[in-house]
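Quick note: the coordinates plus some simple rules give every number you see, no bench work behind them. Note that the structure is a prediction, hence the values are computed from the model and not measured. As a convention, Cβ positions derive from the backbone with ideal geometry for all residues, glycine included, and neighbour counts pool all protein chains shown.
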């Protein structure tokens, strides 16, 4: 059961995170995480009342004074979403901040409070004990350590660039594809393969440019959008997974099978990367 820390001036610790109310800092494993003032104040209020429901009106009175003319509901919802984003939390499966509809919010993880004097006093080396190393925060949906979003987005963008190179290269060498296809299948089937490459390549280029621009500008609804697009992306990527067989004269049957097997998994890795970087917030 979470405990409510009583020391308002000390550090507030939960999992790998640490909050310093006096300095206005949120840290993860010692590294500072940028969090705006109002979301930070909301987080401190929840931590200081860990395990208890903090009503929305109480947050309004504490953080948004009566003479502040803002849309309180929108501002509070935005603040809570920013807190969840910073903590790698999820509204649908919370590990830290739980929403109680029309009532308020509750911080559900255990919170420890450490006074400033505890940090600056000379340690007693004879009785000093070392706490166990904190476990990394887990992704609420995938149950893996939460990765750096910049790395995940870069990997997703690299996949889009890879497919773009496939499409452009194939369209630039249509005659070569026609020649390779004609050597292995009858005439009308070779024409069908050529048409499939032409149509899917022409459709795939704008799709990859859209996904590249979305991840480049950090479009926050990319997770929801990619879920809707995934059946189409899966079908397109599965078709292009056989592209290595167009290079049979250069790479041979063995490498063509190996490359195809790897490409068959790529659309599922795209979906996983999107879920890592863009969680759903309700």
* Quickly work out the residue 202-to-residue 260 label distance, labels modelled 7 Å from Cα along the C-beta direction, and quote it in nm with one decimal. => 2.6 nm
* Asked: What list do you get for 74, 173 if you sort them by fewest beta carbons within 10 Å?
  -> 74, 173
* **Burial order of peptide ranges 157-167, 254-264 (average beta-carbon count within 10 Å, highest first)** => 157-167, 254-264
* Asked: So how far apart, in nm, are the two label points at residue 216 and residue 251 if each is 7 Å from Cα heading toward Cβ?
  -> 2.7 nm
* Structure fact -> Nearest-0.05 FRET efficiency for residue 162 and residue 91 at R0 = 30 Å, using Cβ-Cβ distance, is 0.35
* To do: Just need the relative contact order of the range 11-116 here, percent rounded to a whole number, with Cα pairs under 8 Å and 6+ apart.
  => 33 percent
* Ascending count of other beta-carbon atoms within 10 Å, so fewest first, for 251, 193 -> 251, 193
* Spin-label point model (7 Å from Cα, Cβ direction): what's the residue 99 to residue 148 distance in nm? -> 3.1 nm
